[in-house]
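Here the structure is laid out as structure tokens; the discussion comes afterwards.
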Amino acid sequence: MPLRLLHSLSERLARLNHRRPLLYDKEYAERATYAYRPTPRYVPWGPDTTLVQVPLPLLKAAGWRKIRERPLRLSVKSYLDMETGEIIKKRDMFKQRLPVPQNNSFRFIEQLSIINSQLSKRARDLCIFLLKMRNSRGSFVLPLSELIDGYINRSAPVSRMARARKQHYDLIGEIAAAGIIAQEQALGSLFQKRCLST
């Protein structure tokens, strides 16, 4: 390849990269606000972390039918403070009112057990639709009334919209009684999407 052609290609690439940064451009990722994720202050301490089997009644409530090997979850007994370097027991964190990180390894099974055991089939279908429409701030991407209208009209337009809304708001009451929806635009703490917290 001639040197002149190689030089012009490198200039074009440099101009393209200047206009539109590459996917893994380190400088652009450091400047971008969405790429910043702070490291958590308290992380599980490895030697005091064990694997524990999930209780069988909870699995059955979550919808497991045939259970050959039970899933495992993390059981964290102490945490490492990333700022001071000290190791703190979980019970001491509760006593000192420090923020204890949520154990996300057990979260999905708890969500499934509530959805499958406390909701009827129609309410469960609406609940799954609403959970697909969550955002990362603990609420929904649209107002709840618009989401319900979209759920009602998902297959075809409905002629008696007032009656359909009333039936679906009764289902919303059932979902709220199970603790999935806390307020009109807020989800219960167990069903909120989790971001990396400090």
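Over the Cα atoms of the stretch 95-183, how large are the radius of gyration and the largest Cα-Cα distance (Dmax), in Å?
According to the Cα coordinates of the stretch 95-183, Rg and Dmax are 15.6, 58 Å.
Out of the GluC sites (Glu not before Pro) in the stretch 62-152, which ones are loop residues according to DSSP with at most 10 other C-beta atoms within 10 Å?
Numbers: sites: Glu69, Glu83, Glu86, Glu110, Glu146; in loops: Glu69, Glu83, Glu86.
Hits after loop and neighbour filter: Glu69, Glu83, Glu86.
Which order do Met161, Met93, Met82 take by accessible area at a 1.4 Å probe, largest first? Before the final figure, lay out each step's value.
Details: Met161 35, Met93 0, Met82 110 Å².
So the residues, ranked largest to smallest area, are Met82, Met161, Met93.
For Asp170, tell me the accessible area in Å² from a 1.4 Å probe, rounded to the nearest 10.
Near enough 90 Å² of accessible area.
Among the trypsin sites (Lys or Arg not before Pro) within the stretch 140-198, which fall in a DSSP loop and have no more than 13 other Cβ atoms within 10 Å of their own Cβ?
Arg154, Arg160, Lys193, Arg194
How are the alpha carbon pair distances in the stretch 56-116 distributed across 5 Å bins from zero to the largest one, expressed in percent?
Calculated over all Cα pairs of the stretch 56-116, the distribution is 4, 15, 20, 17, 12, 12, 11, 7, 2, 0 percent.
Working with all protein chains in place, sort Lys132, Lys90 by solvent-accessible area computed with a 1.4 Å probe, largest first.
Output order, biggest surface exposure first: Lys132, Lys90.
Given a 1.4 Å probe and the protein chains all in place, what does the accessible area of Trp64 round to, in Å² to the nearest 10?
Taking all protein chains as shown, Trp64 has close to 90 Å².
Can you give the convex hull volume of the alpha carbon atoms of the stretch 114-165 per residue, in Å³? All intermediate terms of the calculation are to be shown ahead of the outcome.
Details: hull volume 4.8 nm³, N = 52.
Value for the stretch 114-165: 92 Å³ per residue.
For Lys166, go through the lysines and keep the ones whose alpha-carbon is under 18 Å away, minus same-chain ones fewer than eight residues off.
Straight-line reach from Lys166, under 18 Å: Lys121.
So how much accessible area does Thr39 have, in Å² to the nearest 10, using a 1.4 Å probe?
Counting only protein heavy atoms, the figure is 110 Å².
The values are calculated or read from the model by the stated rules, or taken from the named source; none is laboratory data. Note that this is a predicted model, so its numbers are computed, not measured. Glycine also receives a Cβ, built like all others from the backbone with ideal geometry; neighbour counts cover every protein chain displayed. Please note that ligands, DNA and RNA were not included when accessible areas were found on the heavy atoms of the full protein model with its side chains. Shrake-Rupley method; radii C 1.70, N 1.55, O 1.52, S 1.80 Å.
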